[in-house]
1. Answer yes or no: is there a residue in the range 82-93 that is assigned to a helix (DSSP H, G or I), closer than 19 Å to V23 by Cβ and within 16 Å of the ligand (Cβ to nearest atom).
2. Consider A117 against the criteria (1) free of Cβ contacts under 8 Å to residues at least 60 places away in the same chain; (2) away from the ligand (no atom under 16 Å from the Cβ); (3) surrounded by fewer than 19 Cβ atoms within 10 Å (Cβ to Cβ); (4) not basic (K, R): it satisfies all of them except one. Which criterion is unmet?
3. Looking at (1) charged (D, E, K, R); (2) out of contact with any helix residue (DSSP H, G or I) (no Cβ under 8 Å at 6 or more places or on another chain); (3) within 16 Å of the ligand (Cβ to nearest atom), which is the only condition K38 fails?
4. Kindly indicate the residue of the range 120-145 that is buried (at least 17 other Cβ atoms within 10 Å of the Cβ) and within 16 Å of the ligand (Cβ to nearest atom) and also farthest from R21 (Cα to Cα) among those meeting that condition.
5. Go through the range 154-175 and report how many residues are closer than 20 Å to R69 by Cα, hydrophobic (A, V, I, L, M, F, W, C) and within 16 Å of the ligand (Cβ to nearest atom).
6. Residues that are within 20 Å of the chain's Cα centre (by Cα) and farther than 30 Å from S33 by Cβ: find the helices (runs of 4 or more DSSP H) completely inside the range 115-215 holding 2 or more of those.
7. Go through the range 32-67 and give me each residue that's outside any loop (DSSP other than H, G, I, E, B) and among the charged types (D, E, K, R).
Amino acid sequence: MSLETEAKQQVSFDSVIRERRSVRHYDPSVSISEQELKDMIKEATLAPSSNNIQPWRFLIIQDPEQKQRLLPIAFNQQQVVEAAAVIAVLGDKEGYKQLGKICRLAVEAGYMTEEFASQYTERTVKTYGSLPEERLERILLIDGGLVSMQFMLVAKARGYDTVPMGGYDAQKLIAEFRIPSRYVPIMLIAVGKAASPGRPTSRLPVEDITFWNTF
Ligand SMILES: Cc1cc2nc3c(=O)[nH]c(=O)nc-3n(C[C@H](O)[C@H](O)[C@H](O)COP(=O)(O)O)c2cc1C
(Lines give C-alpha, C1' and ligand atoms only; values in the text may rest on other atoms or scores of the structure.)
Protein backbone atom coordinates (compact mmCIF):
# COMPACT_ATOMS: atom_id res chain seq x y z
CA MET A 1 0.00 0.00 0.00
CA SER A 2 1.38 3.43 -0.91
CA LEU A 3 1.99 6.06 1.75
CA GLU A 4 -0.63 8.25 0.12
CA THR A 5 -3.25 5.51 0.31
CA GLU A 6 -2.38 4.85 3.95
CA ALA A 7 -2.69 8.56 4.77
CA LYS A 8 -6.06 8.74 3.06
CA GLN A 9 -7.33 5.69 4.92
CA GLN A 10 -6.64 7.34 8.26
CA VAL A 11 -9.38 9.88 7.54
CA SER A 12 -12.75 8.40 8.33
CA PHE A 13 -15.74 8.92 6.09
CA ASP A 14 -17.59 10.15 9.16
CA SER A 15 -15.08 12.92 9.83
CA VAL A 16 -14.99 13.92 6.15
CA ILE A 17 -18.75 14.47 5.96
CA ARG A 18 -19.03 16.04 9.41
CA GLU A 19 -16.02 18.34 9.18
CA ARG A 20 -16.43 19.62 5.64
CA ARG A 21 -17.46 23.27 5.84
CA SER A 22 -17.62 25.99 3.26
CA VAL A 23 -14.36 27.83 3.83
CA ARG A 24 -14.10 31.44 2.69
CA HIS A 25 -10.62 32.36 3.94
CA TYR A 26 -7.63 30.53 2.53
CA ASP A 27 -3.91 30.55 3.15
CA PRO A 28 -2.68 32.15 -0.09
CA SER A 29 0.80 30.64 0.36
CA VAL A 30 -0.56 27.10 -0.13
CA SER A 31 -0.62 25.73 -3.66
CA ILE A 32 -1.80 22.32 -4.85
CA SER A 33 0.28 20.59 -7.51
CA GLU A 34 -1.22 19.91 -10.89
CA GLN A 35 -0.72 16.20 -10.25
CA GLU A 36 -2.67 16.32 -7.01
CA LEU A 37 -5.47 18.33 -8.62
CA LYS A 38 -5.61 15.70 -11.36
CA ASP A 39 -5.73 12.92 -8.75
CA MET A 40 -8.57 14.71 -6.98
CA ILE A 41 -10.51 15.12 -10.22
CA LYS A 42 -9.93 11.45 -11.01
CA GLU A 43 -11.37 10.42 -7.64
CA ALA A 44 -14.26 12.87 -7.97
CA THR A 45 -15.19 11.36 -11.34
CA LEU A 46 -15.88 8.03 -9.69
CA ALA A 47 -19.25 9.71 -9.02
CA PRO A 48 -22.25 8.28 -10.84
CA SER A 49 -23.66 9.99 -13.93
CA SER A 50 -26.65 9.54 -16.17
CA ASN A 51 -25.91 6.55 -18.49
CA ASN A 52 -22.29 6.85 -17.29
CA ILE A 53 -21.83 9.59 -19.87
CA GLN A 54 -19.69 11.64 -17.44
CA PRO A 55 -20.58 14.95 -19.10
CA TRP A 56 -18.60 16.97 -16.53
CA ARG A 57 -15.65 19.04 -17.62
CA PHE A 58 -13.34 21.11 -15.43
CA LEU A 59 -11.70 24.43 -16.11
CA ILE A 60 -8.97 24.63 -13.48
CA ILE A 61 -7.92 28.15 -12.66
CA GLN A 62 -4.75 28.30 -10.54
CA ASP A 63 -2.66 30.91 -12.30
CA PRO A 64 -2.69 34.08 -10.11
CA GLU A 65 -3.42 36.36 -13.07
CA GLN A 66 -6.36 34.23 -14.17
CA LYS A 67 -7.68 34.16 -10.60
CA GLN A 68 -7.54 37.97 -10.58
CA ARG A 69 -9.58 37.98 -13.80
CA LEU A 70 -12.11 35.70 -12.16
CA LEU A 71 -12.43 37.87 -9.03
CA PRO A 72 -14.90 40.49 -10.36
CA ILE A 73 -16.83 37.77 -12.23
CA ALA A 74 -17.35 36.06 -8.86
CA PHE A 75 -18.55 39.32 -7.31
CA ASN A 76 -15.20 39.91 -5.61
CA GLN A 77 -15.48 36.89 -3.34
CA GLN A 78 -11.99 36.88 -1.89
CA GLN A 79 -11.66 33.08 -1.81
CA VAL A 80 -11.26 33.17 -5.58
CA VAL A 81 -7.80 34.71 -5.27
CA GLU A 82 -6.79 33.27 -1.88
CA ALA A 83 -7.56 29.61 -2.60
CA ALA A 84 -4.97 27.45 -4.35
CA ALA A 85 -7.31 26.89 -7.28
CA VAL A 86 -10.82 27.50 -8.47
CA ILE A 87 -12.48 24.75 -10.43
CA ALA A 88 -15.17 25.84 -12.86
CA VAL A 89 -17.36 22.75 -13.16
CA LEU A 90 -18.91 22.66 -16.62
CA GLY A 91 -21.43 20.38 -18.29
CA ASP A 92 -20.70 19.33 -21.86
CA LYS A 93 -23.82 19.34 -24.04
CA GLU A 94 -21.94 17.10 -26.47
CA GLY A 95 -20.60 14.81 -23.75
CA TYR A 96 -22.80 11.93 -24.92
CA LYS A 97 -20.69 11.74 -28.08
CA GLN A 98 -17.91 10.28 -25.92
CA LEU A 99 -20.04 7.25 -25.04
CA GLY A 100 -18.31 5.16 -27.73
CA LYS A 101 -14.96 5.74 -26.03
CA ILE A 102 -16.42 5.06 -22.56
CA CYS A 103 -17.86 1.76 -23.77
CA ARG A 104 -14.62 0.86 -25.57
CA LEU A 105 -12.77 1.26 -22.27
CA ALA A 106 -15.40 -0.93 -20.60
CA VAL A 107 -14.94 -3.61 -23.28
CA GLU A 108 -11.14 -3.51 -22.82
CA ALA A 109 -11.62 -3.88 -19.07
CA GLY A 110 -13.93 -6.84 -19.63
CA TYR A 111 -17.00 -5.07 -18.19
CA MET A 112 -19.15 -5.50 -21.29
CA THR A 113 -19.12 -7.36 -24.57
CA GLU A 114 -18.34 -5.60 -27.83
CA GLU A 115 -21.79 -6.42 -29.14
CA PHE A 116 -23.52 -4.88 -26.14
CA ALA A 117 -21.21 -1.84 -26.25
CA SER A 118 -22.01 -1.04 -29.87
CA GLN A 119 -25.76 -1.53 -29.49
CA TYR A 120 -25.88 0.45 -26.27
CA THR A 121 -23.79 3.27 -27.69
CA GLU A 122 -25.86 3.56 -30.84
CA ARG A 123 -29.16 3.56 -28.96
CA THR A 124 -28.05 5.97 -26.23
CA VAL A 125 -26.29 8.46 -28.52
CA LYS A 126 -29.46 8.58 -30.64
CA THR A 127 -31.61 9.22 -27.56
CA TYR A 128 -29.36 11.98 -26.22
CA GLY A 129 -29.03 13.55 -29.65
CA SER A 130 -32.78 14.09 -29.82
CA LEU A 131 -33.31 15.36 -26.27
CA PRO A 132 -34.74 18.87 -25.93
CA GLU A 133 -32.09 21.38 -24.81
CA GLU A 134 -33.64 21.96 -21.37
CA ARG A 135 -33.82 18.21 -20.66
CA LEU A 136 -30.15 17.81 -21.59
CA GLU A 137 -29.15 20.78 -19.42
CA ARG A 138 -31.06 19.33 -16.48
CA ILE A 139 -29.04 16.13 -16.80
CA LEU A 140 -25.81 18.14 -16.94
CA LEU A 141 -26.78 20.02 -13.77
CA ILE A 142 -27.58 16.82 -11.89
CA ASP A 143 -24.41 15.01 -12.96
CA GLY A 144 -22.34 18.16 -12.38
CA GLY A 145 -23.77 18.51 -8.89
CA LEU A 146 -22.84 14.93 -8.03
CA VAL A 147 -19.25 15.27 -9.23
CA SER A 148 -18.92 18.61 -7.44
CA MET A 149 -19.98 17.12 -4.13
CA GLN A 150 -17.63 14.21 -4.60
CA PHE A 151 -14.79 16.60 -5.39
CA MET A 152 -15.41 18.51 -2.16
CA LEU A 153 -15.38 15.32 -0.11
CA VAL A 154 -12.24 14.08 -1.87
CA ALA A 155 -10.55 17.41 -1.11
CA LYS A 156 -11.56 17.21 2.55
CA ALA A 157 -10.25 13.66 2.83
CA ARG A 158 -6.91 14.94 1.51
CA GLY A 159 -6.77 17.73 4.09
CA TYR A 160 -8.02 20.55 1.87
CA ASP A 161 -11.02 22.80 2.18
CA THR A 162 -13.52 24.00 -0.39
CA VAL A 163 -16.45 26.26 -1.01
CA PRO A 164 -18.97 25.74 -3.79
CA MET A 165 -19.96 28.99 -5.47
CA GLY A 166 -23.05 29.91 -7.43
CA GLY A 167 -22.32 33.57 -6.84
CA TYR A 168 -20.75 34.50 -10.17
CA ASP A 169 -21.87 35.94 -13.47
CA ALA A 170 -22.09 32.92 -15.78
CA GLN A 171 -22.28 35.02 -18.95
CA LYS A 172 -19.16 36.96 -17.99
CA LEU A 173 -17.36 33.74 -17.09
CA ILE A 174 -18.18 32.34 -20.53
CA ALA A 175 -17.04 35.52 -22.28
CA GLU A 176 -13.86 36.19 -20.25
CA PHE A 177 -12.60 32.61 -20.26
CA ARG A 178 -13.75 31.95 -23.83
CA ILE A 179 -15.81 28.93 -22.84
CA PRO A 180 -17.25 27.34 -26.01
CA SER A 181 -21.06 27.29 -26.26
CA ARG A 182 -21.27 23.50 -25.81
CA TYR A 183 -20.28 23.92 -22.14
CA VAL A 184 -22.74 24.97 -19.44
CA PRO A 185 -21.24 26.47 -16.25
CA ILE A 186 -22.51 24.55 -13.21
CA MET A 187 -20.60 26.00 -10.28
CA LEU A 188 -17.22 27.25 -9.15
CA ILE A 189 -15.39 25.42 -6.39
CA ALA A 190 -12.52 27.12 -4.56
CA VAL A 191 -10.05 24.63 -3.08
CA GLY A 192 -7.11 25.21 -0.77
CA LYS A 193 -6.05 25.24 2.87
CA ALA A 194 -8.23 27.15 5.31
CA ALA A 195 -6.68 30.23 6.92
CA SER A 196 -9.65 30.33 9.26
CA PRO A 197 -12.26 27.62 9.71
CA GLY A 198 -15.65 27.72 8.02
CA ARG A 199 -18.48 28.68 10.32
CA PRO A 200 -20.68 25.84 11.55
CA THR A 201 -24.12 25.72 9.96
CA SER A 202 -27.37 24.13 11.09
CA ARG A 203 -29.53 21.62 9.31
CA LEU A 204 -33.28 21.12 9.28
CA PRO A 205 -34.50 18.17 11.32
CA VAL A 206 -35.06 15.03 9.27
CA GLU A 207 -38.78 15.11 10.20
CA ASP A 208 -39.16 18.42 8.35
CA ILE A 209 -37.70 17.18 5.09
CA THR A 210 -38.92 13.62 4.71
CA PHE A 211 -42.13 12.17 3.34
CA TRP A 212 -42.69 8.47 3.54
CA ASN A 213 -44.13 6.48 0.69
CA THR A 214 -46.60 9.13 -0.47
CA PHE A 215 -47.60 12.76 0.12
C1 LIG B 1 -24.90 25.71 -5.38
C2 LIG B 1 -24.24 26.44 -4.24
C3 LIG B 1 -23.84 27.74 -4.43
C4 LIG B 1 -23.16 28.41 -3.41
N5 LIG B 1 -22.67 29.66 -3.64
C6 LIG B 1 -21.89 30.24 -2.72
C7 LIG B 1 -21.21 31.46 -3.01
O8 LIG B 1 -21.31 32.00 -4.11
N9 LIG B 1 -20.43 31.99 -2.06
C10 LIG B 1 -20.26 31.40 -0.83
O11 LIG B 1 -19.52 31.96 -0.02
N12 LIG B 1 -20.89 30.26 -0.53
C13 LIG B 1 -21.68 29.65 -1.42
N14 LIG B 1 -22.26 28.44 -1.16
C15 LIG B 1 -22.02 27.78 0.12
C16 LIG B 1 -23.24 27.71 1.02
O17 LIG B 1 -23.49 28.98 1.56
C18 LIG B 1 -22.98 26.65 2.11
O19 LIG B 1 -22.82 25.41 1.49
C20 LIG B 1 -24.11 26.56 3.11
O21 LIG B 1 -24.23 27.76 3.84
C22 LIG B 1 -23.89 25.41 4.10
O23 LIG B 1 -22.64 25.53 4.76
P24 LIG B 1 -21.53 24.42 4.68
O25 LIG B 1 -21.16 24.23 3.23
O26 LIG B 1 -20.38 24.96 5.48
O27 LIG B 1 -22.09 23.16 5.24
C28 LIG B 1 -22.96 27.77 -2.15
C29 LIG B 1 -23.42 26.46 -1.98
C30 LIG B 1 -24.03 25.81 -3.00
C31 LIG B 1 -24.44 24.37 -2.80
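1. Checked the range 82-93: at least one residue is assigned to a helix (DSSP H, G or I), closer than 19 Å to V23 by Cβ and within 16 Å of the ligand (Cβ to nearest atom).
2. In the conditions (1) free of Cβ contacts under 8 Å to residues at least 60 places away in the same chain; (2) away from the ligand (no atom under 16 Å from the Cβ); (3) surrounded by fewer than 19 Cβ atoms within 10 Å (Cβ to Cβ); (4) not basic (K, R), A117 misses (3) alone.
3. Every listed condition holds for K38 apart from (3).
4. L140
5. Residues in the range 154-175 being closer than 20 Å to R69 by Cα, hydrophobic (A, V, I, L, M, F, W, C) and within 16 Å of the ligand (Cβ to nearest atom): 4 in total.
6. Here the list reads 133-157.
7. Within the range 32-67, E34, E36, K38, D39, K42, E43, R57, E65, K67 qualify.
Here's the yes/no breakdown for (1) surrounded by 14 or more Cβ atoms within 10 Å (Cβ to Cβ); (2) more than 14 Å from the ligand (Cβ to nearest atom); (3) at pLDDT 95 or above; (4) within 15 Å of Y26 (Cβ to Cβ):
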residue	(1), (2), (3), (4)
F177	yes, yes, yes, no
M187	yes, no, yes, no
G198	yes, no, yes, yes
T201	no, no, yes, no
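The values are calculated or read from the model by the stated rules, or taken from the named source; none is laboratory data. Since this is a predicted model, take the numbers as computed values, not measurements. Every residue, glycine among them, receives a Cβ derived from its backbone with ideal geometry; neighbour counts consider all protein chains shown.
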